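The values are calculated or read from the model by the stated rules, or taken from the named source; none is laboratory data. None of these values were measured; they are calculated from a predicted model. So basically every Cβ, Gly included, is an ideal-geometry build from the backbone, and we count neighbours across all protein chains shown. Just the protein is used for accessible areas: all its heavy atoms, side chains included, with ligands, DNA and RNA removed. Shrake-Rupley method; radii C 1.70, N 1.55, O 1.52, S 1.80 Å.
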Amino acid sequence: MLAMSRDICTSLTRRDLTLAVAAAAVAPLLPVHAASPVVEVWTGPSCSCCHGWIDHLKASGFTVTTHDGGNTDARARLGMPVDYGSCHTGAVEGYALEGHVPAREVQRLLAERPDAIGLSVPGMPRGSPGMESPVHDAYDVLLIGRDGHSSVFQSYR
Ligand SMILES: [Cu+2]
């Protein structure tokens, strides 16, 4: 009886060891930025499309922390000119994200890391992420430079 339980013990230990070795072998293969980037979001007062955009970011692999309200102050704090304003403001790794910026442009921003304030989709174009609609407005994702000027980062037509 004693010998038997010792056998089970040994085999369990061996299995655990095998799992540990397998995990250690896999770990170095993971990308360096395995942890998903954290986006901190400040919404506008009683904004529902803000939450649509937050859901879009989460579905695209971002971790999101949300503050209800405070987008105007956050926009000013992050240096995003009000001319490019929208209904919510986000911050990710030192960049501002204004409005319904698609997740793929956020990913590209973090990959390319331009010297800039961040990205903006001014206003609230229909058909942008979080603004789902049968009508699709043409819109541009703008890269906002430190001088406040913008350039087209991506066009959606
Ligand atoms: Cu909106």
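Of SER60, TYR84, VAL141, which is farthest towards the positive pole of region 47-157's charge dipole, taken about the Cα centre with +1 and -1 on the beta-carbons of Lys, Arg and Asp, Glu respectively?
Selected residue: SER60.
What are the residues whose amide H is under 5 Å from the amide H of ARG126, where those residues sit 5 or more places off or on another chain and H is modelled from the backbone?
Under 5 Å from the amide H of ARG126 lie the amide H atoms of ASP137, each far enough along the sequence or on another chain.
Cα extents of region 34-157 along the three principal axes, largest first, in whole Å?
Largest to smallest, the principal-axis extents are 35, 31, 30 Å.
Where only protein heavy atoms count, and the probe is 1.4 Å, what is the accessible area per residue for region 35-80 in Å²?
Working: 2290 Å² over 46 residues.
On a per-residue basis, 50 Å².
Using protein chains only and a probe of 1.4 angstrom, how many square angstrom of ARG108 are accessible, to the nearest 10?
80
Which order do you get for TRP53, TRP42 if you rank them by accessible area with a 1.4 Å probe, largest at the top? Display every interim value, and only then the final one.
Numbers: TRP53 0, TRP42 35 Å².
Most to least solvent-accessible, the answer reads TRP42, TRP53.
Rounded to whole Å and ordered largest first, report the semi-axes of the equivalent ellipsoid of region 44-104 derived from its Cα gyration tensor (root of 5λ). All intermediate terms of the calculation are to be shown ahead of the outcome.
On the way: eigenvalues 61, 36, 21 Å².
Working from the Cα gyration tensor, I get semi-axes of 17, 13, 10 Å.
Using only the Cα atoms of region 117-157, build the gyration tensor, take square roots of its eigenvalues as a ≥ b ≥ c, and label the shape rounded, prolate or oblate: rounded if a/c is under 1.5, else prolate if a/b is larger than b/c, else oblate. Numbers along the way, then the final one.
Values: a/c = 3.43, a/b = 2.39, b/c = 1.43.
Prolate, because a/c is 1.5 or more and a/b exceeds b/c.
Quick one: check the C-alpha center-to-center distance for region 81-131 versus region 140-157, whole angstrom.
For region 81-131 versus region 140-157, the Cα centre distance is 9 Å.
Work out from phi, with θ = phi - 60° and the Karplus expression 6.51 cos²θ - 1.76 cosθ + 1.60, the ³J(HN,Hα) of each residue of region 46-54, listed in order in whole Hz, and give x for Gly and Pro.
Here the 3J(HN,Hα) series is 6, 9, 9, 5, 4, 6, x, 5, 4 Hz.
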